[in-house]
1. Which of the helices (runs of 4 or more DSSP H) contained wholly in the stretch 51-155 include at least 2 residues that are exposed (fewer than 15 other Cβ atoms within 10 Å of the Cβ), of a type outside the set (A, V, I, L, M, F, W, C) and modelled with pLDDT of 95 or more?
2. Considering the stretch 130-144 alone, what residues qualify as being within 26 Å of Ser71 (Cβ to Cβ) and either charged (D, E, K, R) or touching an Asp or Glu at 6+ places or on another chain (Cβ under 9 Å) (or both)?
3. Please enumerate the residues belonging to the stretch 55-98 that are within 20 Å of the chain's Cα centre (by Cα), over 19 Å from Ser134 (Cα atoms) and among the polar types (S, T, N, Q).
4. For the stretch 144-152, indicate whether the set of residues that are farther than 16 Å from Ala40 by Cα and without any contact (Cβ under 8 Å) to a residue 60 or more places away in the chain is non-empty.
5. Pairs needed: first member in the stretch 57-73, under 19 Å from Phe87 (Cβ atoms); second member anywhere, of a type in the set (D, E, K, R) and not in a strand (DSSP E or B); C-beta distance under 7 Å; at least 6 residues apart or different chains.
Amino acid sequence: MKNRFLMMLTVVLGLALSSSQSDAQDSNENAEAIAGAMAALDEFMLSFNRKNMEAWAATLNYPHVRFASGSVTVWENAEEFAMGTAFEGLARIGWDHSHWLSREVTMASPDKVHISTVFQRFNDRNEPIARYQSLYIVTLVDGHWGAQARSSLAP
């Protein structure tokens, strides 16, 4: 009975130890993924605020999908995305720039991170125009972290 108990305890401790080592490795890999995804979103916002379609397109992975305004838009490549007219519509509402208010990782793996965000749009006097929730799926494709899908309540 005593030997059986010791054997069971050894198995349980072994499983716990191997699980914690695996969790630590996953945690390190996920930390690197989260850092890469957050850096990609930083660059996304910087190029967006510069109103530079080519630089903004370079922060994405393709095909790129956007769910917004009751529709789904898919861009197959950066060239197609860069031909967009997003800044014209934003200018009509007085938009000058945007900022992240919050970014929370909801899921992470070594090559994909889901980030729930809140961002705010501002006019040229730095006055808030609107605030929106969104979800970004940021992926690692061919060594490049980029937003591959996004869904927002923004028009």
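The values are calculated or read from the model by the stated rules, or taken from the named source; none is laboratory data. Please read these numbers as outputs of a predicted model, since none were measured by experiment. We place every Cβ from the backbone using ideal geometry, glycine too, and count neighbours over all the protein chains shown.
1. Filter on the stretch 51-155 gives 78-82.
2. Matches in the stretch 130-144: Arg131, Thr139, Val141.
3. Asn77
4. The answer is no, given that none of the residues of the stretch 144-152 is farther than 16 Å from Ala40 by Cα and without any contact (Cβ under 8 Å) to a residue 60 or more places away in the chain.
5. Thr59/Glu43
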